[in-house]
Amino acid sequence: MKNIKAKLIKLFKEGYCTPQIARIARKINEPSATIHYNIKKLEREGAIKTYKAVFDYKKIEEGFCVYVLINVSPSEYEYDWSRYESKIARELAKHKEVESVDIMAGDWDLILKIRTKDQDEYYDFLREVVSRIAIQKSISLISLKQLKTNFVLMKQHE
């Protein structure tokens, strides 16, 4: 049988997942049509933005997770910080390694969540992508073990 694992993972990351309506109906003892109607309403209202699979990242070769705190050099944004930070955040968000980008208040300007296969891939990503930004200061925080993701408590292997 043809191995399309990489194609499926890519699609699942882009939101090609659907709710299991029959399973939800059984769980909350409501008709499937009622579940479907309410889900579609939540989608139209924008309350539900997408559906995503929750991965065991080690099994899809993205087990190295790092949070990067970034302060952008003040010389880069002089008069209009909000436009500049949004531009940087949008540019960084385009990379497949970047799982999330948040614009921060406080001591740091941005926080990135980056997933790669290993520290070598992470190093390459920093060198090729993040180093192009005028960074005043950054800190990398390596995640040792993920216990909860996307509101799903991860099963612990004991």
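We did not get these values from a lab; they are worked out from the coordinates using the rules stated. All values derive from a computational prediction rather than experimental measurement. Because the Cβ atoms are built from the backbone with ideal geometry, glycine has one as well, and the counts that use them run over all protein chains shown.
Would you list R44, R26 from fewest to most Cβ contacts within 10 Å?
On the way: R44 9, R26 12.
In order of increasing Cβ crowding within 10 Å: R44, R26.
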Unit charges at the beta carbon, dipole of the chain: most positive-side option, S140, G106, P19: P19
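How much length would be gained if the chain were fully extended between M104 and C17, taking 0.36 nm per residue of separation minus their Cα-Cα distance, in nm to one decimal? Numbers along the way, then the final one.
On the way: separation 87, 0.36 × 87 = 31.32 nm, distance 2.99 nm.
Extra length from M104 to C17 when fully extended: 28.3 nm.
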Candidate aspartates and glutamates - alpha carbon under 17 Å from K13, same-chain residues fewer than 8 apart omitted: D56, E61, E62, E97, E99
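For a Förster distance of 25 Å, can you work out the FRET efficiency between the beta-carbons of M1 and K96, rounded to the nearest 0.05?
On the way: r = 26 Å, r/R0 = 1.04.
Efficiency at R0 = 25 Å is approximately 0.45.
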Point-to-point label distance, I28-S140, nm (Cα→Cβ direction, 7 Å offset): 4.3 nm
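What Kirkwood hydrodynamic radius do you get for the chain when you take the inverse of the mean 1/r over all pairs of distinct Cα atoms, in Å?
On the way: mean 1/r = 0.0541 Å⁻¹.
One over the average 1/r among Cα pairs gives 18.5 Å for the chain.
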Extension reserve of the K10-I48 stretch, reckoned as 0.36 nm per residue once the Cα distance is removed: 11.7 nm
Count, lysine Cα pairs under 16 Å in the stretch 59-145, 8 or more residues apart or across chains: 7
Electrostatic dipole magnitude of the chain [Cβ: Lys, Arg +1; Asp, Glu -1; Cα centre; debye, to 20]: 1100 debye
For Y51, residues with placed amide H under 5 Å, excluding near neighbours: C17
